[in-house]
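The values are calculated or read from the model by the stated rules, or taken from the named source; none is laboratory data. If you're wondering where the values come from, they're calculated on a predicted model, not measured in any experiment. For neighbour counting, all protein chains shown are included, and Cβ atoms are generated from backbone atoms with ideal geometry for every residue, glycine included.
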Amino acid sequence: MKINKPDLSPLSRLFPVGWPWSDTLTYAGLGLGVSILAAFALFATRYGRALDALYQWNDSITERVLIPGALVPPFPEVLGPTLLAFGPAALCWVLLPVLLWLYHRRESRSDYLMRRLPQRWELARRCLAGPVLLLACTLLAAGILFGLLFLWYQTATPAGHFPPDVWAMTGGYGNAGM
């Protein structure tokens, strides 16, 4: 059975002619996936430690019991540097336009021709459009992950164990803990 691949040819206009743009998108997807997994694993580790601090072992029954009055740290403290896992991918997309311009200059030697085209900004568009799209996707993924991690924080924290101000380190928005 033959699987129909989606037509991604409009994306080829975002990169220089001859550039292996499909490989670039594949590596971008892999890098974004690694960033998401790394950020998720880091948050899971930090949040797991914060939840473990809410419990104590009951020696007579050998089970964990919630410590009365114990509070989980505010969300920004638990989140910590988690979203920095997207930094390497974002740095790659910031540096990619230089590589694309060098490709025009050295590999295809089309930079002079591109400057003479009626569309004056074609060279800049082909060097900047793809990396800007990839950077926007990276920021969107980081924002979506931020929201999902906050939902996890809200739903997995036992009731009554939220700090008075969940956003304490950011100026706060009141008690968001139900």
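Report every pair of residues separated by at least 6 positions or lying on different chains whose Cβ atoms are under 7 Å apart, first residue within the stretch 115-138 and over 14 Å from LEU102 (Cβ atoms) and surrounded by 13 or more Cβ atoms within 10 Å (Cβ to Cβ), second at pLDDT below 80 and of a type in the set (S, T, N, Q).
Note: no pairs meet the criteria.
Test ARG105 against the criterion of being more than 30 Å from ILE144 (Cβ to Cβ), out of contact with any strand residue (DSSP E or B) (no Cβ under 8 Å at 6 or more places or on another chain) and in a helix (DSSP H, G or I), and give yes or no.
For ARG105, the condition - more than 30 Å from ILE144 (Cβ to Cβ), out of contact with any strand residue (DSSP E or B) (no Cβ under 8 Å at 6 or more places or on another chain) and in a helix (DSSP H, G or I) - is met.
Output the qualifying pairs, or none if there are none: Cβ atoms under 6 angstrom, residues six or more apart or on different chains, first residue in the stretch 41-56 and closer than 10 Å to PRO73 by Cα, second residue part of a helix (DSSP H, G or I) and at pLDDT 90 or above.
From residues that are closer than 10 Å to PRO73 by Cα, the pairs are TYR47/VAL78; ALA50/VAL78.
What residue, of GLY48, GLY130, is more than 30 Å from LEU11 (Cβ to Cβ) and not polar (S, T, N, Q)?
Matching residue, one of GLY48, GLY130: GLY48.
Which residue, of LEU100, LEU32, LEU71, is within 30 Å of TRP167 (Cβ to Cβ), surrounded by 14 or more Cβ atoms within 10 Å (Cβ to Cβ) and over 14 Å from the mean Cα position of the chain (by Cα)?
LEU71
So the check is Cβ under 6 Å with 6+ separation or different chains; which pairs have a first residue in the stretch 158-178 that's modelled with pLDDT of 85 or more and of a type in the set (S, T, N, Q) and a second one that's loosely packed, with under 15 Cβ neighbours inside 10 Å and not in a loop (DSSP other than H, G, I, E, B)?
none
For the stretch 12-29, which residues satisfy the criterion of being surrounded by fewer than 15 Cβ atoms within 10 Å (Cβ to Cβ) and touching a residue at least 40 places away in the same chain (Cβ under 8 Å)?
ARG13, VAL17, GLY18
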